[in-house]
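Asker: I am attaching a structure below and will ask some questions about it afterwards.
FYI, it's all coordinate maths here, none of it is from the lab. Remember, it's a predicted structure, so these values are computed and weren't measured experimentally. Neighbour counts run over all protein chains shown; Cβ positions are idealised from the backbone, glycine included.
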Amino acid sequence: MPPVLRLVLCADTHLGHGLVVPPGDVLVHAGDLTCSGSLAELALAADFLASLPHRHKLVVAGNHELCLEREPEAAWPLLARVTTLHDSGTTVAGVRFWGSPWQPIFFDWAFNLPRGAALAARWARMPAGIDVLVTHGPPRGIGDRVGDGRHEGCDDLLARVKVVAPLVHVFGHIHEDRGAWRMGDTLFVNATTAEGRLPATVVDVDPATGRAEVVPP
């Protein structure tokens, strides 16, 4: 019987490397490692990730990782010590992960696409049969409420997640709406750490039962 896999989820650290990072099997970072998105900042973030004890480390780029989009030949090798998910997947202990950095246009940052066909085409690459989905941005209406009450999530992402129905969908991007919600069989987690001021979120995935549960701090 496959063992329960403990995921340690974070996002939006923005070089706030004093955050609490509990032990676990897989560290998942859902993007915004940096502030200005420079190569120097990405190198600092990469060193921080490398210093953590988790055996498996999975990372999706965030909208602040400008160097990954604008200086890819220099930037991507800085993340060689972790597994990056860029419209791609990996499997850990029988649990299937897939990740993507894209979000609806958000100021003049990285990995922006217009709402509608462009984003829908990206989400169409998301395969069936995945257990844990990692995106930087949230789906519409779940963990996506900003300070003035607007919902900034992606409609097309929500539509695709409903079809694929992963056990867990983890994201960040919206610092004001951290939390966990369940819709059908999917546990949605906005794992923002708000510049490292909040601790990582811990989730146990049980492949035997097909359930995922947040572990209380």
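Asker: What Kirkwood hydrodynamic radius do you get for segment 170-217 when you take the inverse of the mean 1/r over all pairs of distinct Cα atoms, in Å? List each step's numbers first, then the result.
Answerer: Details: mean 1/r = 0.0866 Å⁻¹.
For segment 170-217, inverting the mean 1/r across all distinct Cα pairs yields 11.5 Å.
Asker: For segment 27-39, in order, what is each residue's ³J(HN,Hα) by Karplus, 6.51 cos²θ - 1.76 cosθ + 1.60 with θ = phi - 60°, in whole Hz (x at glycine and Pro)?
Answerer: Going residue by residue, I get 8, 10, 10, 8, x, 6, 6, 10, 9, 8, x, 7, 4 Hz, with x marking Gly and Pro.
Asker: Here's another thing I want to ask about it. Calculate one ³J(HN,Hα) per residue across segment 174-184 by plugging θ = phi - 60° into the Karplus curve 6.51 cos²θ - 1.76 cosθ + 1.60, and present them in order as whole Hz with x for glycine and proline.
Answerer: 9, 6, 7, 10, 5, x, 9, 9, 10, 10, x
Asker: Can you give me the P(r) profile for segment 14-135? Cα pairs, bins 5 angstrom wide beginning at 0, each as a whole percent.
Answerer: 2, 11, 21, 23, 20, 15, 7, 1, 0
Asker: Let's test the formula: R0 of 22 Å, r as the Cβ-Cβ distance of A194 and V215. What FRET efficiency results, to the nearest 0.05? Don't skip to the answer; put the middle values down first.
Answerer: Details: r = 20 Å, r/R0 = 0.90.
Using R0 = 22 Å, I get an efficiency of 0.65.
Asker: Return an integer: the convex hull volume of the alpha-carbon atoms of segment 113-203, in Å³ per residue.
Answerer: Values: hull volume 8.5 nm³, N = 91.
With only Cα atoms used, segment 113-203 gives 93 Å³ per residue.
Asker: Report, in deg cm²/dmol and to the nearest 500, the calculated mean residue ellipticity at 222 nm for the chain, where each DSSP H run with n ≥ 4 adds -39500 (n - 2.57) and the sum is divided by the residue count.
Answerer: Taken over the chain, the calculation gives -5000 deg cm²/dmol.
Asker: Give me the compactness ratio for the chain, meaning the Cα radius of gyration over 2.2 N^0.38 Å.
Answerer: With N residues counted in the chain, Rg over 2.2 N^0.38 Å equals 0.92.
Asker: Next question, about the same structure. Normalising by the residue count of the chain, find the relative contact order in percent from Cα pairs under 8 Å and 6+ residues apart. Don't skip to the answer; put the middle values down first.
Answerer: Details: 543 pairs, mean separation 53.5, N = 217.
The value is 25 percent.
Asker: Name the chymotrypsin sites (Phe, Trp or Tyr not before Pro) in segment 106-209 that are in a loop by DSSP and that have at most 13 other C-beta atoms within 10 Å, would you?
Answerer: Working: sites: F106, F107, W109, F111, W123, F171, W181, F188; in loops: F106, F107, W109, F111.
Answer by residue number: F107.
Asker: Highest first, please rank the peptides 55-65, 156-166, 69-79 by the mean number of other Cβ atoms sitting within 10 Å of their residues.
Answerer: Values: 55-65: 23.9, 156-166: 18.0, 69-79: 14.1.
Ranked from most to least packed, the peptides come out as 55-65, 156-166, 69-79.
Asker: Can you run phi through the Karplus equation (6.51, -1.76, 1.60; θ = phi - 60°) for segment 189-200 and list ³J(HN,Hα) in whole Hz, with x for Gly and Pro?
Answerer: Ordered by residue, 3J(HN,Hα) equals 10, 8, 9, 4, 9, 6, 6, x, 7, 10, x, 5 Hz.
Asker: If amide H atoms are built 1.01 Å from N in the plane of the peptide, which residues on other chains or at least 5 residues away come under 5 Å of the amide H of F188?
Answerer: Under 5 Å from the amide H of F188: H169, W181, R182, M183.
Asker: Rounded to the nearest Å, what's the spacing between the alpha carbon centres of segment 94-144 and segment 154-217? Just the number, please.
Answerer: Centre-to-centre distance over Cα atoms comes out at 13 Å.
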